[in-house]
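Before any comments, here is the structure.
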Amino acid sequence: MAKEILQLTVNGQPREDAVAGNLLLIDYLREVVGLTGTKMGCDGGECGACTVLVDGRPRLSCLTLAASSAGRQVETIEGCARGGRMSHLQQAFHEKLGSQCGYCTPGMIMAAEGLVRRTPAPTQAQIRQALGGNICRCTGYVKIIESVEAAAAESAA
Amino acid sequence: MEYMPEFTVARPSSLAELVAARRANPGAHLLAGGTDLVANIRRGIVAPEHLIELTHVAELQGIAETSSGGLRIGAGVTLAALIEDERVEATFPVVVEAAHAVAAASHREVATLGGNLCLDTRCVYYNQSEWWRAANDYCLKHRGKICHVAPKGDHCFAAFSGDLAPALMVLGATVEIASADGKTRRCALPDIYTDDGLAHLRLTADDCLLAIDLTPPEPGLRTGYAKARVRGAIDFPLAGVAVALRRCGADLAELRVALTGTNSCPLLIEGTRDLVGAPLDADTLERLVGLLPKQIQPMSSTFTPPGYRRKVIANLTRTLTSRMFDEAA
Ligand SMILES: Cc1cc2nc3c(=O)[nH]c(=O)nc-3n(C[C@H](O)[C@H](O)[C@H](O)COP(=O)(O)OP(=O)(O)OC[C@H]3O[C@@H](n4cnc5c(N)ncnc54)[C@H](O)[C@@H]3O)c2cc1C
Ligand code: FES
Ligand code: FES
């Protein structure tokens with residue numbers, strides 16, 4: 001299948017890759033860029049495990065064609081840590097037990113990241129809204145919501 | 001099934017380029033936010049050879065005030081943008097309410113108004129993986145010979161499940177449509193639909209929804225949207241009801257009710273005009289609910305049985321209409 005050159009930024013790094021038109025953003029990130037933190041949890045749009053940020057806003061990478069992200073800033077869970085230190089959200093999910101098997105966690109954290117960037121002190125209702133499309137099969141949502149609340153409080157401190 | 005079939009993608013940036021792309025790629029499917037189409041491609045129920053991505057078509061973007069004081073909302077406007085627009089919230093709050101009820105926040109970032117209105121019809125026997133459908137000998141809507149919902153008939157009962165259509169219908173919205181040659185035409189929103197699960201859109205394969213036009217609401221109009229779904233955070237409507245009404249003193253002066261999730265197209269309920277000119281008492285409410293059974297046709301196309309959905313629709317209609325009437329006082 002014919003490929004085209006895709007130029008975009010992934011976690012701050014400009015990239016240029018030859019991709020097929022039908023390549024999904026999730027497969028581009030995992031298979032071409034090698035960033036396997038983003039997870040595929042369902043057969044399309046049902047679970048949120050694949051959530052990344054595109055230009056700072058949450059995006060389901062399993063429903064997005066890679067080439068549709070041309071010229072955009074894509075961010076994945078691998079881009080959250082800075083200088084070897086976890087982000088406030090990552091740290092809070094760790095400390096508040098917001099993660100058990102961890103499969104949903106990258107998507108949860110990226111959806112939460114999209115929220116706190118625009119709403120640094122979200123209400124619980126806003127957190128529930130923002131994470132409404134993210135499904136967790138083990139932790140239970142209470143701990144996840146508490147993790148986002150703790151991270152927002154830590155960022156404000 | 002292949003995980004993703006092979007297709008080409010054109011990315012026009014204007015209506016003229018879109019027209020040219022359609023001419024060059026006959027049978028192409030339009031791709032907006034992809035939250036319905038890409039999921040369907042991944043499940044193998046749509047296998048396009050060509051896609052035309054609408055994201056960059058300038059004529060589909062933006063929300064603009066019209067000379068009549070209403071709004072023209074581009075079909076490419078995302079539901080997140082619609083929800084965030086203060087003019088929409090101030091003038092047509094029911095549109096924001098219905099948009100909020102669509103899927104979850106991350107879907108709404110890319111999901112568009114046009115995609116919502118042109119959403120494919122849905123059924124438990126259709127929106128399944130390839131192996132699931134194959135094990136069931138497929139269905140009338142895709143590759144199969146019978147409708148598992150009504151095996152003796154030759155009709156498909158997949159349900160229309162978009163939340164925005166009823167909200168726009170009670171506001172009397174009109175649609176702008178661009179045809180293959182780029183010429184535009186207008187019609188009332190209900191006119192783009194027909195009650196057939198196989199082909200619920202009256203648009204031709206070359207038509208593209210350009211925008212929705214809303215005229216300013218009549219002074220005193222109260223509107224609301226209510227929806228029943230399995231999971232409150234994310235699911236398609238089992239049934240959705242939009243109501244717009246006006247009150248004159250103790251009497252109902254105007255009433256429009258539209259439904260989604262009950263038939264293969266959204267429905268503007270007929271006969272509501274006969275109820276105006278009197279107070280909305282228990283008797284009038286029962287007459288309103290009495291209009292529904294002959295017009296709706298919920299079938300076993302969802303996980304909940306049709307009888308349950310009939311009850312839910314009646315209750316949602318009754319409670320929402322009565323609440324709007326009280327709030328209009
Ligand atoms: C988990 C999940 C839950 C969902 N829940 C809901 C829900 O509760 N309520 C709801 O309404 N929807 C729901 N959806 C469906 C979908 O997200 C929305 O309906 C969305 O608005 C579709 O818009 P889109 O831009 O993503 O459409 P796309 O997927 O891009 O397109 C959908 C269809 O419309 C056609 N189309 C798009 N734009 C145009 C145009 N301008 N002119 C002509 N045809 C066009 C496409 O060709 C395609 O056939 C859900 C989806 C998922 C995955
Ligand atoms: S993998 Fe994208 S929503 Fe489930
Ligand atoms: S921690 Fe296992 S799915 Fe959420």
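The values are calculated or read from the model by the stated rules, or taken from the named source; none is laboratory data. Just so it is clear, the model here is predicted, and its values are computed rather than measured. Glycine gets a Cβ as well: all are built from the backbone with ideal geometry, and neighbour counts include every protein chain shown. Side chains are part of the model used for accessible areas, which takes the heavy atoms of the whole protein and leaves out ligands, DNA and RNA. Shrake-Rupley method; radii C 1.70, N 1.55, O 1.52, S 1.80 Å.
Only one entry of B:Val38, B:Val46 meets the criterion of being near ligand 1 (Cβ under 9 Å from one of its atoms) and free of Cβ contacts under 8 Å to residues at least 24 places away in the same chain, and that entry is B:Val38. Restricting the first member to the stretch A:71-99 and to residues that are closer than 17 Å to A:Gly12 by Cα, and the second to residues that are open to solvent by 60 Å² or more (accessible area, probe 1.4 Å) and at pLDDT 95 or above, the beta-carbon pairs closer than 6 Å and six or more apart or on different chains are A:Arg72/A:Asp55; A:Gln73/A:Asp55. Applying the criterion of being open to solvent by 30 Å² or more (accessible area, probe 1.4 Å) and closer than 20 Å to B:Val257 by Cα to the residues of the stretch B:90-103, the residue that is nearest to ligand 1 (Cβ to nearest atom) is B:His100.
Looking across the stretch B:6-27 at every residue that is touching a helix residue (DSSP H, G or I) at 6+ places or on another chain (Cβ under 7 Å) and within 14 Å of chain A (Cβ to nearest Cβ), the one that is surrounded by the fewest Cβ atoms within 10 Å (Cβ to Cβ) is identified as B:Ser13.
Assess whether A:Thr76 counts as being open to solvent by less than 20 Å² (accessible area, probe 1.4 Å), polar (S, T, N, Q), more than 10 Å from chain B (Cβ to nearest Cβ) and in contact with a Ser or Thr (Cβ under 9 Å, 6 or more places away or on another chain). Against the criterion (open to solvent by less than 20 Å² (accessible area, probe 1.4 Å), polar (S, T, N, Q), more than 10 Å from chain B (Cβ to nearest Cβ) and in contact with a Ser or Thr (Cβ under 9 Å, 6 or more places away or on another chain)), A:Thr76 qualifies. For the condition under 24 Å from A:Asp55 (Cα atoms), aliphatic (A, V, I, L, M) and within 16 Å of ligand 2 (Cβ to nearest atom), A:Ile127 does not qualify.
When the stretch B:104-113 is filtered for residues that are open to solvent by 10 Å² or more (accessible area, probe 1.4 Å) and either more than 14 Å from B:Gly162 (Cβ to Cβ) or part of a helix (DSSP H, G or I) (or both), the ones remaining, listed by number, are B:Ala105, B:His107, B:Arg108, B:Glu109, B:Val110.
Scanning the stretch A:51-73 for residues that are over 22 Å from B:Glu6 (Cβ atoms) and more than 8 Å from chain B (Cβ to nearest Cβ) yields a count of 8. Applying the condition of being open to solvent by 30 Å² or more (accessible area, probe 1.4 Å) and among the hydrophobic types (A, V, I, L, M, F, W, C) to the stretch B:38-62 and asking which residue is farthest from the other protein chains (Cβ to nearest Cβ) yields B:Ala58. When A:Glu78, A:Glu95 are screened for being among the acidic types (Asp, Glu) and more than 16 Å from ligand 3 (Cβ to nearest atom), only A:Glu78 passes. If you go through the stretch B:279-329 and keep only what is open to solvent by 60 Å² or more (accessible area, probe 1.4 Å), farther than 14 Å from B:Gly240 by Cα and touching a residue at least 60 places away in the same chain (Cβ under 8 Å), you end up with B:Phe303, B:Arg323, B:Glu327, B:Ala329.
Could you tell me whether A:Glu16 is open to solvent by 50 Å² or more (accessible area, probe 1.4 Å) and more than 14 Å from every other protein chain (Cβ to nearest Cβ)? Yes.
Taking the conditions (1) open to solvent by 30 Å² or more (accessible area, probe 1.4 Å); (2) touching a helix residue (DSSP H, G or I) at 6+ places or on another chain (Cβ under 6 Å); (3) within 19 Å of A:Lys39 (Cβ to Cβ) in turn, A:Lys96 satisfies each one other than (3).
Inspect all residues belonging to the stretch A:31-39 and state whether any of them is more than 12 Å from the chain's Cα centre (by Cα), more than 14 Å from chain B (Cβ to nearest Cβ) and either within 16 Å of ligand 3 (Cβ to nearest atom) or closer than 20 Å to A:Lys143 by Cβ (or both). No, the conditions are met nowhere in the stretch A:31-39. When the stretch A:22-44 is filtered for residues that are in contact with a strand residue (DSSP E or B) (Cβ under 7 Å, 6 or more places away or on another chain), open to solvent by less than 10 Å² (accessible area, probe 1.4 Å) and assigned to a loop (DSSP other than H, G, I, E, B), only A:Thr38 remains.
Here A:Arg128 clears all of (1) at the interface with chain B (Cβ under 8 Å from one of its Cβ atoms); (2) open to solvent by less than 60 Å² (accessible area, probe 1.4 Å) except the condition numbered (2).
Rundown of residues vs (1) more than 28 Å from B:Gly182 (Cβ to Cβ); (2) within 14 Å of another protein chain (Cβ to nearest Cβ); (3) within 9 Å of ligand 1 (Cβ to nearest atom), yes/no style:
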{"residue": "B:Ser67", "(1), (2), (3)": "no, no, no"}
{"residue": "B:Ile73", "(1), (2), (3)": "no, no, no"}
{"residue": "B:Leu79", "(1), (2), (3)": "no, yes, yes"}
{"residue": "B:Glu109", "(1), (2), (3)": "yes, yes, no"}
{"residue": "B:Gly153", "(1), (2), (3)": "yes, no, no"}
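Only one of the listed residues (A:Tyr141, A:Tyr103) is within 16 Å of ligand 3 (Cβ to nearest atom), within 14 Å of another protein chain (Cβ to nearest Cβ), open to solvent by 30 Å² or more (accessible area, probe 1.4 Å) and within 30 Å of B:Arg43 (Cβ to Cβ). That residue is A:Tyr141.
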